[in-house]
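Beneath this line is the structure, given in structure tokens, with notes to follow.
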Amino acid sequence: MVAMGRETNTVRPRQMVAPAAHTIVTLCLAVLLFSTAPRPVQSQVLTPRATGNERQLPPDYFGYNGANFLGEVAWDDSALIRALVPLKPALLRYPGGTESNYWNWKVGWFVTGFPMPNYLRQLKPRSVRLENFQASIRATGAVPVYVLNLLSSDLETQLGSLREAKGLGLPVKYVELGNEFYIGSADHKSKFPTAAAYAQEANRWTAAIKKEFPEAKVASVAAPPKRVRDRRWLGWNADLLSTLQGGDALTLHHYYGTGLSDPYRRSQRSRSLRYSATEIASILGTPFVAWNELRTEGIGSLPVGREIWITEYNLFDRSQPLAGTWVHGLGVTVTTLLFIDEPRITHVLCHTLLGNALFASIFSNERGFLVPTDFTRAAAPPQSVPLALTATGSALKLVGAALAGKTLGQKLDFPGAPTIRAGRGAGYPSLLGWSFGDGRNRQAIVVNLASSTQQITTAAVIPQGSFEQVSGDPLTLVSSPASLRKTSGGIAKNLALPPYSITRFSS
């Protein structure tokens with residue numbers, strides 16, 4: 001439970017025992033102040049209802065970006081696979097994000113003789129080949145999303161890599177043409193001075209890929225909305241679309257801040273996890289604000305007729321030490337569910353599968369809360385359990401299980417549920433839910449963002465079956481399987497949803 005300090009009005013996490021570049025929505029707390037949701041009467045039982053039209057979902061809608069497989073954990077590590085399979089990813093992205101622009105597929109490491117970011121050049125070389133990746137694909141049944149190297153390789157070499165994948169029995173179904181070229185780094189500008197220059201090359205690559213792999217869908221890089229004075233970034237989409245021909249999709253990356261301060265600047269080296277109830281409510285509101293901006297200013301400006309793939313998304317905030325807290329996991333879950341409301345979005349991949357608490361869903365080692373020094377760290381964090389699920393992984397595990405193989409999505413509404421109110425009068429629901437089906441059985445996810453328990457009738461969600469539920473204090477640093485409260489059982493007429501909880505229903 002959340003404990004309120006009488007004098008300081010701060011929320012404190014429960015004590016934990018230590019086990020053995022992108023688009024950021026910058027929202028100042030002065031502009032976005034939330035009050036805590038009113039506590040519902042405990043005897044009040046809410047009745048969910050379906051709202052809006054049921055949407056079609058690809059069976060391979062949800063997955064993970066496979067960046068960060070550059071250290072001690074490999075794709076074919078049996079311990080990793082044991083942790084990965086329960087997440088039920090339908091998609092896995094290879095070789096990842098930024099590293100894709102410098103990747104030598106033949107050797108499974110970076111190209112030589114080409115300028116790269118310092119953090120990549122400093123890594124100890126190892127081999128991360130398609131053969132390694134194949135083990136995780138086979139174990140999960142996921143579909144690969146390949147990110148080709150348009151920056152430091154050439155078309156024929158990259159076609160050869162796709163041929164190699166096909167020869168290994170890996171499907172060539174989804175292909176991205178590079179990563180984040182709208183960012184104005186020197187090498188991006190040298191290769192593609194303008195978005196039109198990139199589009200011309202994308203046209204050539206798309207035609208060649210389609211000729212050899214006619215079943216493949218090909219996506220080009222689009223830029224998400226960004227509130228900075230960056231002419232390349234801001235003008236990227238218009239310039240791109242004036243020249244781009246063919247292709248099936250556009251990729252977008254979606255990162256959002258906490259709304260408490262400038263997310264680009266580290267506030268201090270480390271700080272305690274002490275936040276007021278109002279700040280917790282504000283943090284949980286930012287995914288809604290960020291989504292509204294992406295949908296109206298980003299997706300809304302793109303032409304109809306191409307799919308939208310969200311191939312990276314997560315919380316990004318250098319100023320607050322909230323990476324790996326349960327409120328982080330809740331926010332990423334909300335973002336995942338909000339995407340489903342846009343039928344043009346056909347695939348979403350959370351950034352990233354493996355690493356530390358900053359973005360990962362699985363810890364790569366025991367130093368999971370020692371985030372990079374340009375981010376504010378939580379003071380005195382616990383050790384993380386290697387290959388345990390992070391807060392994000394613990395939350396998205398339920399979402400992945402609910403979405404697995406489902407082809408229909410139905411949004412749920414909760415009349416009478418309290419609203420988290422913004423200072424300007426806008427509101428965000430304290431309960432968020434979706435039901436998923438495949439013509440045979442159904443699953444559902446319901447998230448309670450309120451600081452109090454809410455009860456719902458289950459007949460309109462899943463009338464018979466079982467449920468599993470994960471909840472916790474919002475400021476808990478999720479370091480091990482014991483960090484969160486987990487319950488499960490058969491579905492009764494009514495079900496209590498604890499504060500800050502995610503519940504999965506299964507028929």
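FYI, it's all coordinate maths here, none of it is from the lab. None of the values given here were measured: they were computed from a predicted structure. Cβ: placed from backbone, ideal geometry, glycine included. Neighbour counts: every protein chain shown.
Structural remarks
- Positive minus negative residues near I308 (Lys, Arg vs Asp, Glu; Cβ under 14 Å): -2
- Label-zone membership for region 169-212, site Q245, 7 angstrom Cα→C-beta point, backbone N under 18 Å: 195-212
- Over all other residues within a Cβ to Cβ distance under 12 Å of A142, the charged ones net out to +3, with Lys and Arg as +1 and Asp and Glu as -1.
- Cross-linked pairs K88/K226; K189/K226; K124/K166: Cα-Cα separations exceed 26 Å for K88/K226; K124/K166.
- Between D262 and A401, the distance separating the two model label sites (each 7 Å from Cα on the Cα→Cβ line) works out to 4.3 nm.
- Stretching the chain fully between T487 and K124 yields a gain of 126.4 nm (0.36 nm per residue, less the alpha carbon separation).
- Separation in nanometres of the label points that stand 7 Å from Cα toward Cβ, at R229 and A196: 2.5
- Scanning residues 5 or more positions from R377 or on other chains, those with amide H under 5 Å from its amide H are S270, R271, with H placed 1.01 Å from N in the peptide plane.
- All aspartates and glutamates inside 16 Å of K411 as judged from Cα atoms, apart from same-chain residues fewer than 8 positions distant: E54, D341, E342, D438
- Anchor K173: lysines whose Cα lies under 16 Å away (excluding residues fewer than 8 positions away in-chain): K210, K211, K217
- Rounded to the nearest 20, the Cβ-based charge dipole of region 48-119 about its Cα centre (Lys and Arg +1, Asp and Glu -1) stands at 260 debye.
- Part-to-part distance (alpha-carbon centres) for region 267-339 and region 368-417, which is given in Å: 12
- Bins of 10 Å from zero: percent of alpha-carbon pairs in the chain: 4, 20, 31, 28, 14, 4, 0
- Length released on extending from R138 to E342, taking residue separation times 0.36 nm less the Cα-Cα span: 70.4 nm
- Separation between Cα centres of region 180-212 and region 54-85, rounded to whole Å: 27
- Local electrostatic count at S506 - Lys and Arg +1, Asp and Glu -1, tallied over other residues with Cβ under 11 Å: +1
- Per residue, the average separation of C-alpha pairs within less than 8 Å and at least 6 apart gives region 60-403 a relative contact order of 19 percent.
- The length gained by stretching the chain between N53 and E468 to full extension, at 0.36 nm per residue less their Cα-Cα distance, is 146.7 nm.
- Vicinal HN-Hα couplings computed from phi for region 456-465 (Karplus, 6.51 cos²θ - 1.76 cosθ + 1.60; Hz; Gly/Pro x): 10, 7, 9, 4, 7, 9, 9, x, 9, x
- Distance between region 435-507 and region 105-130 - C-alpha centres, whole angstrom: 42
- Simple spin-label estimate for T112 and L155 in nanometres, 7 Å along Cα-Cβ: 2.8
- Highest-first arrangement of 248-259, 290-301, 484-495, where packing means the average Cβ count within 10 Å: 248-259, 290-301, 484-495
- The R269 and V85 beta-carbon pair, evaluated with R₀ = 30 Å, returns a calculated FRET efficiency of approximately 0.20.
- In this Cβ point-charge picture (+1 for Lys and Arg, -1 for Asp and Glu), the chain has a dipole of about 780 debye about its Cα centre.
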